[in-house]
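The values are calculated or read from the model by the stated rules, or taken from the named source; none is laboratory data. Just so we're clear, the structure is a prediction, and the values are computed from it rather than from any experiment. Note that each Cβ is placed from the backbone with ideal geometry, even for glycine, and that neighbours are counted across all protein chains shown.
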Amino acid sequence: MERRKPPSKPNSGPGARKRKRVKATDIAKTALGEEPEKRTRNKSAPMKGEAAQRQLNVHVKTAKRREYGSTLWLKRQLNDPYVRKAKAEGWRSRAAFKLLELDEKFSLLKPGARVVDLGCAPGGWCQVAVKAVGSRGRVVGIDYLEMPSVQGADVLAMDFLDDAAPERLKELLDGNIDIVLSDMAAPTTGHKSTDHLRIVALAEVALDFAQDVLAPGGAFVCKVFAGGAEGELLKLLKLNFASVKHAKPKASRSDSAEKYVVATGFKGKP
Ligand SMILES: C[S@@+](CC[C@H](N)C(=O)[O-])C[C@H]1O[C@@H](n2cnc3c(N)ncnc32)[C@H](O)[C@@H]1O
């Protein structure tokens with residue numbers, strides 16, 4: 001009896017076409033809000049949602065001139081489902097999903113709201129805020145890193161710790177606001193207690209500003225680390241807001257000590 005040959009697997013064998021490889025640096029660049037290089041041959045439509053996630057486990061070769069730490073960072077970026085999802089959905093950063101989650105949980109960004117975004121580059125939170133508050137709302141951001149403009153938001157390229165920064169922000173806002181967001185994070189030094197002090201200092205200055213500009217009933221969302229808001233910061237939050245909660249959005253990496261403090265129901269200027 002004639003034996004039938006099993007059907008050959010698609011894309012296998014010597015004549016099979018190689019699977020198109022996503023260029024590692026392009027995904028990383030997009031995640032950082034940079035434009036990937038334009039290549040003419042890749043005419044495929046951008047991957048969406050689950051399709052984007054299915055392609056995980058990108059291998060990154062160690063390049064001679066790339067340090068080991070950078071290779072690890074690149075590998076983590078490329079295999080991170082939120083980085084891929086952000087690219088597929090057009091968000092500037094994976095951080096956008098953190099604010100989306102916080103907003104879903106605490107109903108923070110209402111249509112028509114006036115929002116300040118401290119440490120806004122590359123712009124993911126600005127995008128989320130602009131979309132949520134709509135054309136009647138207002139979004140003003142600040143970062144010392146330059147970033148491409150986000151339609152519907154005004155961004156100040158300035159260090160928030162500069163003495164002149166609060167006034168410059170207030171000029172742009174022209175009135176009280178409903179929510180102060182701070183995703184600010186200073187570059188880490190590797191020295192634990194120095195890094196901790198810098199993070200706490202940023203959160204304290206952000207809260208000081210929030211208490212100055214928030215309308216009664218307003219909200220303050222701030223990145224904090226380790227045990228969350230502690231000491232003087234927590235004391236002030238509890239004194240001046242009706243509710244103080246901590247949250248770690250799913251999009252926040254589990255190996256990161258980062259979490260957010262969400263204070264709502266501002267009681268008015270102390
Ligand atoms: C985690 S990123 C923010 C990501 C942003 N939320 C997004 O969705 O794209 C933290 C940002 O805080 C900024 N930052 C840290 N310290 C700052 C300061 N003193 N003044 C202004 N920006 C600061 C950094 O430049 C960085 O862009």
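In region 221-241, the residues that are surrounded by 12 or more Cβ atoms within 10 Å (Cβ to Cβ) form Cβ pairs under 6 Å with partners that are at pLDDT 95 or above and among the basic types (Lys, Arg), at six or more places apart or across chains, as follows: Asn240/Lys267. Against the criterion of being of a type in the set (Lys, Arg), within 14 Å of the ligand (Cβ to nearest atom), outside any loop (DSSP other than H, G, I, E, B) and modelled with pLDDT of 95 or more, Lys131 qualifies. Only residues that are farther than 25 Å from Leu169 by Cβ and more than 20 Å from the chain's Cα centre (by Cα) were counted across region 197-234, and they come to 3. Condition check for Lys98 on (1) at pLDDT 95 or above; (2) buried (at least 19 other Cβ atoms within 10 Å of the Cβ); (3) part of a loop (DSSP other than H, G, I, E, B): one failure, at (3). For region 161-197, a residue qualifies if it is of a type outside the set (A, V, I, L, M, F, W, C) and within 9 Å of the ligand (Cβ to nearest atom), and the qualifying residues are Asp162, Ser182, Asp183, Pro187.
For region 175-196, name all the residues that are over 19 Å from the mean Cα position of the chain (by Cα) and over 21 Å from Leu108 (Cα atoms). Thr189, Gly190, His191, Lys192, Ser193, Thr194, Asp195, His196, listed by residue number. Looking across region 133-166, the residues that are crowded, with 20+ Cβ neighbours inside 10 Å, within 16 Å of the chain's Cα centre (by Cα) and not hydrophobic (A, V, I, L, M, F, W, C) come down to Gly141, Asp143.
Contact map, region 104-125: residues that are at negative phi paired with residues that are within 13 Å of the ligand (Cβ to nearest atom) and among the basic types (Lys, Arg), Cβ distance under 7 Å, separation 6+ or inter-chain. Pairs shown: Pro122/Arg92; Gly124/Arg92. Which residues, counting only those in region 101-122, are part of a loop (DSSP other than H, G, I, E, B) and either touching a helix residue (DSSP H, G or I) at 6+ places or on another chain (Cβ under 9 Å) or more than 13 Å from the ligand (Cβ to nearest atom) (or both)? Within region 101-122, Ser107, Leu108, Leu109, Lys110, Pro111, Gly112, Ala113, Gly119, Cys120, Pro122 meet the criteria.
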